[in-house]
Amino acid sequence: MSKPAVEIANGNWGATSLRAAGAVLESAAAVLCGAFDRWPDAPVHVMPGDGSPYVAWDRRPYRIWLSARDTYWCQYAYQFSHKLCHVLVNFDRIRHHRHKWFEESVCELAALFVLIRLSERFRHCPPLEVIGAEEFAPHFATYARSIADSVPAVPRAGLPAWLSGNLAALETHHVDRTLNRTAAVAMLDNFLDDESLWRDCVALNLWDASADASFADHLDSWTTHLLTTKCVARTPRLVRDLFFAKRAP
């Protein structure tokens, strides 16, 4: 895996040092890119922003703006991991299609995944640049749990009905934090148990998804694309098993 730099720009990051903030971002990138088995194809520049976190279209190096400040390390990790995931799933290859809600949900999943993994990483291998990193470690998992608990829990058996009832809204407004989060939480345990599932996500947005008439078609296209690259296509099958009712034999 080649490793382009994650570079944190000087600016108003508040009461922290560039070295400490950079160490948190590097740790988050190492977790997510390690799971994807892929680093971005160009350097990632991270800057302080005044509004909501944002990743720019069609820019190389990639440019990400965060609203996190001071030593709120959980916010740095959460915001950065979400935006880095967009980069890793080829977000600017195809901008507009009705299934973009799934990309948004996958990136919310990535943020939760990284927070939980950072809780382990900071406990066992705390970055020297972050004062009190080992003591801070449990806060990452606590933050992830608070985000997961902010949405209604949907039992696995209820996921097909949940998607059926919310799919039209998601296809119309792909960023709906409550719905995206609910989908992410539904997938989280599977990805924590087997992080190799992330590797199938590198193929997202590499075909003309606007031609996929339904979300089921979208999963079929994802599977087809993966099979052409000699991948097993386990993740599309998992998503189908979670969100679609099983047909009677």
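The values are calculated or read from the model by the stated rules, or taken from the named source; none is laboratory data. These numbers come from a predicted model, not from an experiment. Positions of Cβ are backbone-derived with ideal geometry, glycine not excepted, and every protein chain shown enters the neighbour counts.
Out of 122, 136, I need the residue that is surrounded by fewer than 21 Cβ atoms within 10 Å (Cβ to Cβ), among the aromatic types (Phe, Trp, Tyr) and assigned to a helix (DSSP H, G or I). Which one?
Values: 122 fails: surrounded by fewer than 21 Cβ atoms within 10 Å (Cβ to Cβ).
Exactly one of 122, 136 is surrounded by fewer than 21 Cβ atoms within 10 Å (Cβ to Cβ), among the aromatic types (Phe, Trp, Tyr) and assigned to a helix (DSSP H, G or I), namely 136.
Name the pairs whose Cβ atoms lie under 7 Å apart, with the first residue in the stretch 214-225 and at negative phi and without any contact (Cβ under 8 Å) to a residue 40 or more places away in the chain, the second surrounded by fewer than 19 Cβ atoms within 10 Å (Cβ to Cβ) and in a helix (DSSP H, G or I), and 6 or more positions between them or separate chains?
So the pair list comes out as 219/240.
Quick one: residue 147 ticks every box in (1) in contact (Cβ under 8 Å) with a residue 40 or more places away in the chain; (2) under 24 Å from residue 5 (Cβ atoms); (3) among the aliphatic types (A, V, I, L, M) except a single one, so which number is it?
(2)
Scan the stretch 130-138 and tell me whether some residue there is within 29 Å of residue 99 (Cβ to Cβ) and not hydrophobic (A, V, I, L, M, F, W, C). Reasoning before the result, please.
From the stretch 130-138, those within 29 Å of residue 99 (Cβ to Cβ) are none; that's our starting set.
No - not one qualifying residue is present in the stretch 130-138.
Would you please list the contacts, defined by Cβ atoms under 7 Å and residues six or more apart or on different chains, that run from a residue in the stretch 29-55 that is small (Gly, Ala, Ser) to a residue that is crowded, with 17+ Cβ neighbours inside 10 Å?
Close Cβ pairs satisfying both conditions: 29/6; 29/84; 35/195; 35/198; 42/62; 49/65; 49/66.
Which of (1) farther than 30 Å from residue 121 by Cβ; (2) in a loop (DSSP other than H, G, I, E, B) does residue 227 not meet, given it meets every other one?
Evaluating residue 227 over (1) farther than 30 Å from residue 121 by Cβ; (2) in a loop (DSSP other than H, G, I, E, B) leaves (2) as the failure.
Surrounded by fewer than 13 Cβ atoms within 10 Å (Cβ to Cβ), within 18 Å of the chain's Cα centre (by Cα) and modelled with pLDDT of 95 or more: is that true of residue 193 in this structure? Show your work before the answer.
Details: surrounded by fewer than 13 Cβ atoms within 10 Å (Cβ to Cβ): yes; within 18 Å of the chain's Cα centre (by Cα): yes; modelled with pLDDT of 95 or more: yes.
So residue 193 passes the test.
Determine whether the stretch 12-31 contains at least one residue that is under 18 Å from residue 55 (Cβ atoms) and surrounded by fewer than 14 Cβ atoms within 10 Å (Cβ to Cβ).
Within the stretch 12-31 (the criterion being under 18 Å from residue 55 (Cβ atoms) and surrounded by fewer than 14 Cβ atoms within 10 Å (Cβ to Cβ)), the answer is no, since none of the residues qualifies.
Residue check: is residue 86 within 11 Å of the chain's Cα centre (by Cα), within 21 Å of residue 191 (Cβ to Cβ) and of a type outside the set (Lys, Arg)?
On the way: within 11 Å of the chain's Cα centre (by Cα): yes; within 21 Å of residue 191 (Cβ to Cβ): yes; of a type outside the set (Lys, Arg): yes.
Yes; evaluated as a whole, the condition is true for this residue.
For residues that are part of a helix (DSSP H, G or I) and loosely packed, with under 14 Cβ neighbours inside 10 Å, tally how many sit in the stretch 238-249.
Of the stretch 238-249, the ones part of a helix (DSSP H, G or I) are 238-243.
With the extra rule that they be loosely packed, with under 14 Cβ neighbours inside 10 Å, the set shrinks to 241.
Residues flagged as part of a helix (DSSP H, G or I) and loosely packed, with under 14 Cβ neighbours inside 10 Å within the stretch 238-249 amount to 1.
Could you list, in sequence order, all residues of the stretch 220-249 that are within 25 Å of residue 34 (Cβ to Cβ), of a type in the set (Lys, Arg) and under 20 Å from the mean Cα position of the chain (by Cα)?
Those that are within 25 Å of residue 34 (Cβ to Cβ), of a type in the set (Lys, Arg) and under 20 Å from the mean Cα position of the chain (by Cα): 234, 237.
Return the pairs, sorted by first residue and then second, in which the second residue is polar (S, T, N, Q) and buried (at least 22 other Cβ atoms within 10 Å of the Cβ), the first residue lies in the stretch 182-203 and is touching a residue at least 24 places away in the same chain (Cβ under 8 Å), the beta carbons are less than 6 Å apart, and the residues are 6+ apart or on different chains.
183/105; 184/105; 197/235; 200/235
May I ask you to say which residue of 183, 111 is within 16 Å of residue 80 (Cβ to Cβ) and surrounded by 19 or more Cβ atoms within 10 Å (Cβ to Cβ)? Outline the logic, then answer.
Working: 183 fails: within 16 Å of residue 80 (Cβ to Cβ).
Only one candidate passes the filter, namely 111.
Within 18 Å of residue 109 (Cβ to Cβ) and either among the charged types (D, E, K, R) or under 20 Å from the mean Cα position of the chain (by Cα) (or both): which single residue out of 206, 188 fits that description? Full working, then the answer.
Working: 206 fails: within 18 Å of residue 109 (Cβ to Cβ).
Only one candidate qualifies: 188.
Only one of these is over 23 Å from residue 155 (Cα atoms), under 19 Å from the mean Cα position of the chain (by Cα) and either in a helix (DSSP H, G or I) or not small (Gly, Ala, Ser) (or both): 217, 200. Name it. Walk me through it before giving the result.
Numbers: 217 fails: under 19 Å from the mean Cα position of the chain (by Cα).
Testing whether each residue is over 23 Å from residue 155 (Cα atoms), under 19 Å from the mean Cα position of the chain (by Cα) and either in a helix (DSSP H, G or I) or not small (Gly, Ala, Ser) (or both) leaves just 200.
What single numbered condition from (1) at pLDDT 95 or above; (2) under 16 Å from the mean Cα position of the chain (by Cα) fails to hold for residue 38?
With respect to (1) at pLDDT 95 or above; (2) under 16 Å from the mean Cα position of the chain (by Cα), residue 38 is out only on (1).
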